[in-house]
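Engineer: Got a structure for you, questions after.
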Amino acid sequence: MPEEPCQCPDCQRFYREHDRLIRESPTLRQQQELNWAALQSFRTLSGRVLEDLQKHNGSRQTADAAASKPGAASALVPEESGDAIQQAIADLENINAHLFSIEALMERVFDVRVPEEIEKKFRELAGELAPDPLNVDRLRLNRLLHQTPDLPDRN
């Protein structure tokens, strides 16, 4: 692992957000609720976008079929654009399937309750973790946003 945290704008934004979330939600219960709300908002938005794309793509395909009849005008949308939309729909369907899986796992996490004494320990350690730019968990999550020398691109 690098000794110094990455200084690129994406990583800096991530560090600030990471610290803010710990400072503003320093207990297990608050973290559970925060993650549940983020998951649900992600599912809601991606589900709605998927629905909209499917609806518009279905009407575009109907129009393309009508346009392909003899004597009809040519399709208005190039085939490459249609392929990109189909790929986007497939990708969003995969994302939504993964989000449903994550939701099932989160339900188990959400069921965990700890005594107030443990919640106090969460608050105490949150104050120590939030400003730490070398926190191992933060560096690990940082890799999701930015390539590091020890983790090659997945592309």
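The values are calculated or read from the model by the stated rules, or taken from the named source; none is laboratory data. Note that the coordinates shown come from a computational prediction; the quantities given were computed from them, not determined experimentally. Neighbour counts run over all protein chains shown; Cβ positions are idealised from the backbone, glycine included.
Engineer: Does E33 satisfy the criteria of being of a type in the set (D, E), part of a helix (DSSP H, G or I) and at pLDDT 85 or above?
Structural biologist: So E33 passes the test.
Engineer: Looking only at the range 20-33, decide whether some residue is more than 19 Å from L105 (Cα to Cα), surrounded by fewer than 13 Cβ atoms within 10 Å (Cβ to Cβ) and over 16 Å from the mean Cα position of the chain (by Cα).
Structural biologist: Yes, some residue in the range 20-33 is more than 19 Å from L105 (Cα to Cα), surrounded by fewer than 13 Cβ atoms within 10 Å (Cβ to Cβ) and over 16 Å from the mean Cα position of the chain (by Cα).
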